[in-house]
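> Sharing a structure below in structure tokens format, with a few things to ask.
Any read-out appearing in this document is the output of simple, stated calculations on the displayed coordinates, not a laboratory observation. Remember, it's a predicted structure, so these values are computed and weren't measured experimentally. Using ideal geometry, Cβ is built from the backbone for each residue, glycine included, and neighbour counts are taken over all protein chains shown.
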Amino acid sequence: MTVDQTATATAAAALRARMTAISGAANVITDPLELRTYECDGLTSHRATPALVVLPGTAEEVADIVRTCAGHGVPFVARGSGTGLSGGAVPHSEGVLIVLSRMRRILEIDPVARRAVLEPGVTNLSVTGAAGPFGMFYAPDPSSQVICSVGGNVAENSGGAHCLKHGFTVHHVTGLEIVTPDGELTWLGDGTGVTSGYDLLGAFTGSEGTLGIVTKIVVKLTPVPETVHLVLAAYETLADGGRAVSDIIGAGIVPAAIEMMDALSIEAAEASVACGYPTGAGAVLLVELDGPAAEVEAELATVRDLCEKAGAREIRAADDPAQRAGIWKGRKAAFAAVGRLSPAYIVQDGVVPRTALGDVLARISALSAESGIRVANVFHAGDGNLHPLVLYNDASPAETEAAEVLSGQILDTCIEYGGSITGEHGVGLDKSRYMPKMFTAEDLDTMQLVRCAFDPASLCNPGKVFPTPRLCGEVPGHHRGPHPAVAAGQAEIF
Amino acid sequence: MPISRTRPAGSPSSPDLAVAGKALAAASPAVREGGAADAIEGVTPAFVASPTSTEEAAALLRVAAGHSLAVVPRGSGSRLGSGGGVAWGTPPARADLVVSMAGMDTVLEHAAGDLVARVQAGTRMGDLAGVLAAAGQAGQEVALDVPAASTAGGVVASALTGPRRLRYGSPRDLLIGITIVRADGTVAHSGGKVVKNVAGYDLGKLFAGSWGTLGLITEVTFRLHPLPGARAYVTASYSDAPAACGAVAAAAASPLVPSAVELGRAAPGGPLQVGVLLEGSDSGVAARAALMAGVLSSAGTIPVDVSAETPGWWPGAPATAGGTLIQVSFWVSALAAVLATIDSAARSLDVTATVSGAAGAGVVYVELPLGVPADVAGRFTGELRRALSHERGGVVMLAAPAAVRAAAGEHGGMTGPVPSARLMRAVKDQFDPGGRMSPGRFPAEGA
């Protein structure tokens with residue numbers, strides 16, 4: 001063993017001892033086999049084995065762990081349920097992975113204030129479960145809501161099928177207790193939703209775990225809608241369905257969700273879960289309306305009418321939960337179902353202005369034909385969020401490469417039409433290389449000023465989001481020199 | 001600690017400024033010397049520039065950086081007390097260069113089908129509303145209740161909002177893209193023109209409510225909402241506070257989707273007005289208003305009025321007639337305690353404190369009239385801060401005469417304790433290491 005290795009081993013042993021002292025031996029993992037359980041998140045193409053995993057039980061333990069890491073210059077990464085799709089929770093191979101799944105208490109429900117106070121490991125759907133008896137629910141509903149954690153939702157600013165109307169995580173979080181990258185416990189926001197000073201809460205939400213670790217979350221609870229109606233309309237072509245979407249929005253209606261699937265996805269869903277969608281349809285459109293009964297009834301009539309006028313060959317409507325669930329089944333099964341059509345697939349996540357959907361889908365179709373790689377389209381049509389599934393055989397290196405190229409071309413197309421490289425999956429490790437295509441070097445530099453303010457040592461989930469880390473220079477402290485105006489003789493302090 | 005300017009106001013007599021003036025003029029044709037009309041509570045800027053593009057604004061800020069000029073962005077000037085009024089927040093201590101956004105008032109893009117509008121920051125919200133209302137079958141809007149004369153950039157920078165924050169949130173929630181110029185003249189964008197977008201940090205959130213202290217906002221992109229076809233105001237008057245507070249909470253938690261749940265009271269101990277705004281279709285609003293009347297009537301014991309007209313007492317966006325305007329935020333479950341505290345402080349100090357605001361969204365505004373002695377206004381603010389939770393709310397002086405601001409010093413200053421003030425300071429230092437952007441106006445300066 002060389003001196004360096006000895007030093008590293010000694011440091012690792014010291015770190016392990018310290019983590020054990022903080023969270024207990026049962027909550028510190030160093031066994032190589034067990035460590036590998038944590039080597040990736042929901043995107044399995046990026047992997048790294050962490051040096052050590054610790055599962056703290058309290059906010060104070062998290063702060064202690066982070067302080068220890070900061071003191072030793074050891075990188076750390078937070079992980080919730082590990083369902084992310086951009087590699088945002090991939091561990092650092094020389095760092096500590098802080099897993100928050102033990103911190104899963106719902107600390108408080110205040111139905112009058114319409115707030116819930118949560119630990120970060122609480123699963124998304126369980127918040128709705130706890131709020132249900134008060135006639136409320138937690139609105140953001142990412143498709144992994146049964147298992148994904150609210151802490152992870154904060155990191156990713158998660159959306160979901162219903163964010164078209166109800167907004168993203170950032171619109172529903174009003175307070176965060178965080179551990180800063182130097183190990184201080186502090187609050188961003190106070191739960192009211194009214195900000196004094198800079199809106200650090202807003203800037204933190206969606207920062208993909210790079211600005212600190214969330215230890216408590218205050219969320220808004222939303223009154224459960226009086227009525228929910230789901231309309232299914234089948235079309236010959238995606239273009240026809242797209243016209244219905246434009247007409248609905250043009251009529252001044254904001255549905256809770258507008259989803260669309262193409263022929264390949266419909267076929268796959270049918271084969272997989274027998275969802276009973278109209279056979280042979282070129283596109284299926286799902287439009288969900290929610291709200292006060294008196295409004296929804298009127299909107300429903302308009303939506304049905306517009307769907308028909310756009311050339312629907314069949315329209316179904318459902319208002320009871322079981323029927324709705326039956327219709328949603330096909331949409332929710334789509335990713336997995338399409339996956340079965342092919343040995344491997346890439347789920348892409350891009351956004352285009354809604355009015356550009358038709359053009360962009362045509363472009364994707366042309367790219368697909370050109371490359372011989374099949375693409376199934378499932379998308380949130382209401383907000384222009386595409387989830388093309390790029391199907392390929394991973395046994396063939398050539399096909400794998402062609403699929404990756406096509407996947408990248410889809411993102412290029414999104415940018416060309418004024419959209420985004422990610423609507424909800426995040427940048428993480430997977431898409432940082434696309435950031436310079438969407439943003440200028442100055443944009444990225446400016447964003448990283450925020451990073452420098454929170455994490456000048458760049459230890460908190462390093463290597464994510466930004467392709468090139470920014471050097472933070474001298475770390476500003478509390479005690480600064482004289483005010484520049486004073487130093488210049490332009491002003492005096494009294 | 002206040003910083004006073006020592007060079008003579010208004011006249012670029014210092015050699016420094018003379019050189020800087022020439023450099024500014026070279027960077028932009030629209031630079032002039034500041035005059036009395038540009039004064040910010042007595043501080044007259046040496047120069048006023050009105051760029052017409054982001055590039056021109058960037059050139060000006062690069063010159064300002066090279067000459068260590070204090071830079072103050074200005075929209076309509078309403079929050080800077082332009083024209084002899086009182087500034088909101090703490091006015092800038094120095095202002096060498098005021099960057100007026102008056103020359104950047106173009107609606108750059110209105111994508112009606114995408115419900116998105118991109119505008120230059122100097123665009124008046126009233127002008128924008130006119131453009132948007134003409135779109136499509138229903139018309140569209142930026143769902144904020146702000147004065148028509150306010151500029152888009154000013155609305156974002158001050159983050160203030162009115163009754164409909166309950167349903168639509170504040171400017172940060174409707175802002176999907178932003179272009180800014182940093183203190184050193186670097187131009188940066190974040191977000192974009194699609195509503196659903198999680199690529200990169202959201203600088204818009206940071207600049208919303210930054211009061212000109214982090215950089216200059218030159219362009220903003222808003223998400224839009226369809227204009228409602230019908231509106232109804234459902235209102236009731238309550239003589240006892242618990243009943244009013246119960247009505248506020250019940251209205252806000254009802255599935256009738258109120259756009260606003262407002263509270264108003266003209267005098268301490270007087271009756272409380274509760275008003276609910278419903279927006280939607282003609283038939284839908286009528287049916288919802290009838291149901292909401294039931295919610296407010298306390299089982300039929302309170303008369304309820306339903307009208308399409310805005311009630312006379314409806315608060316709108318917070319405003320001041322020159323007195324002291326205090327924002328109290330809280331969890332709605334604490335509303336009764338908040339009102340009792342305001343009452344008790346007003347009684348013990350013998351002042352008239354009017355209360356109004358978006359109580360259903362957890363914020364009310366207390367106004368003390370212009371004549372209230374500064375020390376009394378300061379003590380009033382201090383009493384609210386002592387009695388109310390700092391963990392779950394705050395008491396912020398939004399606007400006050402200079403003497404009141406000074407008197408507030410010993411009662412927690414303008415903002416009182418601000419959580420994570422250290423991080424805010426770190427952000428400020430990163431964006432504006434020279435402390436030149438609206439110096440002294442940093443929202444948590446006193447914390």
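> Which one of A:147, A:109 is farther than 23 Å from residue A:77 by Cβ, surrounded by fewer than 23 Cβ atoms within 10 Å (Cβ to Cβ) and either hydrophobic (A, V, I, L, M, F, W, C) or in contact with a Phe, Trp or Tyr (Cβ under 6 Å, 6 or more places away or on another chain) (or both)? I'd like the intermediate steps shown before the answer.
On the way: A:147 fails: farther than 23 Å from residue A:77 by Cβ.
Exactly one residue qualifies, and that residue is A:109.
> Same structure, new question: For segment B:353-360, does any single residue satisfy the condition of being under 25 Å from residue A:187 (Cβ atoms), under 21 Å from the mean Cα position of the chain (by Cα) and not aliphatic (A, V, I, L, M)?
So far as segment B:353-360 goes, yes, one or more of its residues are under 25 Å from residue A:187 (Cβ atoms), under 21 Å from the mean Cα position of the chain (by Cα) and not aliphatic (A, V, I, L, M).
> Here's a follow-up. Whether any residue in segment A:24-37 is surrounded by fewer than 20 Cβ atoms within 10 Å (Cβ to Cβ), hydrophobic (A, V, I, L, M, F, W, C), under 24 Å from residue A:214 (Cα atoms) and out of contact with any strand residue (DSSP E or B) (no Cβ under 8 Å at 6 or more places or on another chain) is what I want to check. Outline the logic, then answer.
Initial filter on segment A:24-37 (surrounded by fewer than 20 Cβ atoms within 10 Å (Cβ to Cβ)): A:24-27, A:30-37.
Now drop any that are not hydrophobic (A, V, I, L, M, F, W, C), which leaves A:25-26, A:33, A:35.
Applying the additional criterion that residues be under 24 Å from residue A:214 (Cα atoms) yields A:25-26, A:35.
Now drop any that are not out of contact with any strand residue (DSSP E or B) (no Cβ under 8 Å at 6 or more places or on another chain), which leaves A:25-26.
For segment A:24-37, residues surrounded by fewer than 20 Cβ atoms within 10 Å (Cβ to Cβ), hydrophobic (A, V, I, L, M, F, W, C), under 24 Å from residue A:214 (Cα atoms) and out of contact with any strand residue (DSSP E or B) (no Cβ under 8 Å at 6 or more places or on another chain): present.
> Is it the case that residue A:360 is touching a residue at least 40 places away in the same chain (Cβ under 8 Å) and either part of a helix (DSSP H, G or I) or in contact with a Lys or Arg (Cβ under 6 Å, 6 or more places away or on another chain) (or both)? Before the answer, list the steps.
Values: touching a residue at least 40 places away in the same chain (Cβ under 8 Å): yes; either part of a helix (DSSP H, G or I) or in contact with a Lys or Arg (Cβ under 6 Å, 6 or more places away or on another chain) (or both): yes.
Here the answer is yes, as residue A:360 does meet what is asked.
> Considering segment B:165-184 alone, what residues qualify as being surrounded by fewer than 22 Cβ atoms within 10 Å (Cβ to Cβ) and out of contact with any helix residue (DSSP H, G or I) (no Cβ under 8 Å at 6 or more places or on another chain)?
Within segment B:165-184, just B:167 meets the criteria.
> Could you tell me which of the residues B:208, B:188, B:183 is under 23 Å from residue B:441 (Cα atoms) and more than 7 Å from chain A (Cβ to nearest Cβ)? Break it down into steps so the answer makes sense when it comes.
Numbers: B:208 fails: more than 7 Å from chain A (Cβ to nearest Cβ); B:188 fails: more than 7 Å from chain A (Cβ to nearest Cβ).
The conditions single out B:183.
> Would you confirm whether or not segment A:189-210 contains a residue that is more than 10 Å from every other protein chain (Cβ to nearest Cβ), crowded, with 24+ Cβ neighbours inside 10 Å and in contact with a Gly (Cβ under 8 Å, 6 or more places away or on another chain)? It would help to see each step written out before you state the result.
Looking only at segment A:189-210, we keep the residues that are more than 10 Å from every other protein chain (Cβ to nearest Cβ), and these are A:209.
Next cut, crowded, with 24+ Cβ neighbours inside 10 Å only: A:209.
The next check asks that each one be in contact with a Gly (Cβ under 8 Å, 6 or more places away or on another chain); those that pass are A:209.
Checked segment A:189-210: at least one residue is more than 10 Å from every other protein chain (Cβ to nearest Cβ), crowded, with 24+ Cβ neighbours inside 10 Å and in contact with a Gly (Cβ under 8 Å, 6 or more places away or on another chain).
> Quickly run through segment B:382-406 and pick out the residues that are within 14 Å of another protein chain (Cβ to nearest Cβ), buried (at least 19 other Cβ atoms within 10 Å of the Cβ) and part of a loop (DSSP other than H, G, I, E, B).
B:388, B:392
> Among the residues of segment A:425-439, is any at the interface with chain B (Cβ under 7 Å from one of its Cβ atoms), touching a residue at least 12 places away in the same chain (Cβ under 8 Å) and under 20 Å from residue A:142 (Cβ atoms)?
Our first condition is that a residue be at the interface with chain B (Cβ under 7 Å from one of its Cβ atoms); within segment A:425-439, this holds for A:426-427, A:435, A:438-439.
Of the ones still in play, those that are also touching a residue at least 12 places away in the same chain (Cβ under 8 Å) are A:426-427, A:435, A:438.
Filter once more, keeping what is under 20 Å from residue A:142 (Cβ atoms): A:426-427.
The answer is yes, given that some residue of segment A:425-439 is at the interface with chain B (Cβ under 7 Å from one of its Cβ atoms), touching a residue at least 12 places away in the same chain (Cβ under 8 Å) and under 20 Å from residue A:142 (Cβ atoms).
> Quick one: in segment B:349-381, which of the residues that are of a type in the set (S, T, N, Q) and in contact with a Lys or Arg (Cβ under 9 Å, 6 or more places away or on another chain) is surrounded by the most Cβ atoms within 10 Å (Cβ to Cβ)? Outline the logic, then answer.
Step one: of segment B:349-381, the residues of a type in the set (S, T, N, Q) are B:352, B:354, B:356, B:381.
Going one step further and asking which of them are in contact with a Lys or Arg (Cβ under 9 Å, 6 or more places away or on another chain), we end up with B:354, B:356.
Numbers: B:354: 20, B:356: 22.
Ranking the qualifying residues of segment B:349-381, first place goes to B:356.
> Taking segment A:327-382 only, how many residues are surrounded by fewer than 24 Cβ atoms within 10 Å (Cβ to Cβ), closer than 27 Å to residue A:394 by Cβ and among the acidic types (Asp, Glu)?
1
> Could you tell me whether segment B:272-286 includes any residue that is assigned to a helix (DSSP H, G or I), crowded, with 19+ Cβ neighbours inside 10 Å and within 11 Å of another protein chain (Cβ to nearest Cβ)? Walk me through how you get there before you give the answer.
Keep residues of segment B:272-286 that are assigned to a helix (DSSP H, G or I), which gives B:282-286.
From what's left, crowded, with 19+ Cβ neighbours inside 10 Å: B:284-285.
Filter once more, so that each one left must be within 11 Å of another protein chain (Cβ to nearest Cβ): B:284-285.
Scanning segment B:272-286 turns up at least one residue that is assigned to a helix (DSSP H, G or I), crowded, with 19+ Cβ neighbours inside 10 Å and within 11 Å of another protein chain (Cβ to nearest Cβ).
> Continuing with this model, one more query. If you go through segment A:184-204 one residue at a time, do you hit one that is under 18 Å from the mean Cα position of the chain (by Cα) and without any contact (Cβ under 8 Å) to a residue 40 or more places away in the chain?
Yes, segment A:184-204 has at least one match.
> Can you name the residue in segment A:392-406 that is touching a residue at least 40 places away in the same chain (Cβ under 8 Å) and buried (at least 22 other Cβ atoms within 10 Å of the Cβ) and, of all such residues, is farthest from the chain's Cα centre (by Cα)? Steps first, please.
Of all residues in segment A:392-406, those touching a residue at least 40 places away in the same chain (Cβ under 8 Å) come to A:392-395, A:400, A:403-404.
Now narrow it down to the ones that are buried (at least 22 other Cβ atoms within 10 Å of the Cβ): A:392, A:403.
Working: A:392: 25, A:403: 23 Å.
Result: A:392.
> Hey, another quick one. Which of the strands (runs of 3 or more DSSP E) contained wholly in segment B:50-143 include at least 1 residues that are within 13 Å of chain A (Cβ to nearest Cβ)? Break it down into steps so the answer makes sense when it comes.
Numbers: elements: B:71-74, B:97-100, B:107-111, B:116-120.
Fully inside segment B:50-143 and qualifying: B:71-74, B:107-111, B:116-120.
> Determine whether segment B:352-374 contains at least one residue that is farther than 19 Å from residue B:247 by Cα and in contact with a His (Cβ under 7 Å, 6 or more places away or on another chain).
Going residue by residue through segment B:352-374, those that are farther than 19 Å from residue B:247 by Cα are B:352-354, B:366-374.
Keeping just the survivors that are in contact with a His (Cβ under 7 Å, 6 or more places away or on another chain) gives none.
No, segment B:352-374 contains no residue that is farther than 19 Å from residue B:247 by Cα and in contact with a His (Cβ under 7 Å, 6 or more places away or on another chain).
> With A:400, A:413 as the choices, which residue is more than 14 Å from chain B (Cβ to nearest Cβ) and either of a type in the set (Lys, Arg) or more than 23 Å from residue A:157 (Cβ to Cβ) (or both)? Break it down stepwise before answering.
Numbers: A:413 fails: more than 14 Å from chain B (Cβ to nearest Cβ).
Of the residues listed, the single one that is more than 14 Å from chain B (Cβ to nearest Cβ) and either of a type in the set (Lys, Arg) or more than 23 Å from residue A:157 (Cβ to Cβ) (or both) is A:400.
> Identify, by number, the condition in (1) within 26 Å of residue B:426 (Cα to Cα); (2) in contact (Cβ under 8 Å) with a residue 40 or more places away in the chain; (3) touching a Leu at 6+ places or on another chain (Cβ under 7 Å); (4) not aliphatic (A, V, I, L, M) that residue A:446 doesn't meet.
(2)
> Say whether the condition of being on the phi < 0 side of the Ramachandran plot, under 25 Å from the mean Cα position of the chain (by Cα) and touching a residue at least 12 places away in the same chain (Cβ under 8 Å) is met by at least one residue in segment A:295-313. So that I can check it myself, show each step before the final result.
We begin by selecting, within segment A:295-313, every residue on the phi < 0 side of the Ramachandran plot; these are A:295-310, A:312-313.
Now narrow it down to the ones that are under 25 Å from the mean Cα position of the chain (by Cα): none.
There is no residue in segment A:295-313 that is on the phi < 0 side of the Ramachandran plot, under 25 Å from the mean Cα position of the chain (by Cα) and touching a residue at least 12 places away in the same chain (Cβ under 8 Å).
> When segment A:445-464 is examined, which residues are found to be farther than 23 Å from residue A:98 by Cα and facing chain B (nearest Cβ under 7 Å)?
Result: A:446, A:447, A:449.
> Here is a further query. Identify the residue in segment B:211-260 that is aliphatic (A, V, I, L, M) and in a loop (DSSP other than H, G, I, E, B) and, among all such residues, is farthest from the other protein chains (Cβ to nearest Cβ).
First, the residues of segment B:211-260 that are aliphatic (A, V, I, L, M): B:214, B:216-217, B:220, B:224, B:227, B:230, B:232, B:234, B:236, B:241, B:243-244, B:247-253, B:256-257, B:260.
With the extra rule that they be in a loop (DSSP other than H, G, I, E, B), the set shrinks to B:214, B:224, B:227, B:256-257.
Values: B:214: 8, B:224: 10, B:227: 7, B:256: 5, B:257: 6 Å.
Step by step, filter segment B:211-260, then rank; the result is B:224.
> Of all residues in segment B:287-329, which are at positive phi and either of a type outside the set (A, V, I, L, M) or within 14 Å of chain A (Cβ to nearest Cβ) (or both)? Give the steps one after another, and end with the answer.
Keep residues of segment B:287-329 that are at positive phi, which gives B:298-300, B:316, B:322.
The answer is B:298, B:300, B:316, B:322.
> Another question, if that's okay. Tally time: how many residues in segment B:330-365 are within 14 Å of chain A (Cβ to nearest Cβ) and touching a helix residue (DSSP H, G or I) at 6+ places or on another chain (Cβ under 9 Å)? Break it down stepwise before answering.
If we filter segment B:330-365 for residues that are within 14 Å of chain A (Cβ to nearest Cβ), which is where we start, we get B:330-338, B:357-365.
Next, only the ones that are touching a helix residue (DSSP H, G or I) at 6+ places or on another chain (Cβ under 9 Å) stay: B:330, B:332-333, B:335-338, B:358-364.
Number of matching residues: 14.
> Check A:233, A:239, A:251, A:269 and return the single one that is more than 14 Å from chain B (Cβ to nearest Cβ) and surrounded by fewer than 23 Cβ atoms within 10 Å (Cβ to Cβ).
After applying the criteria, what remains is A:239.
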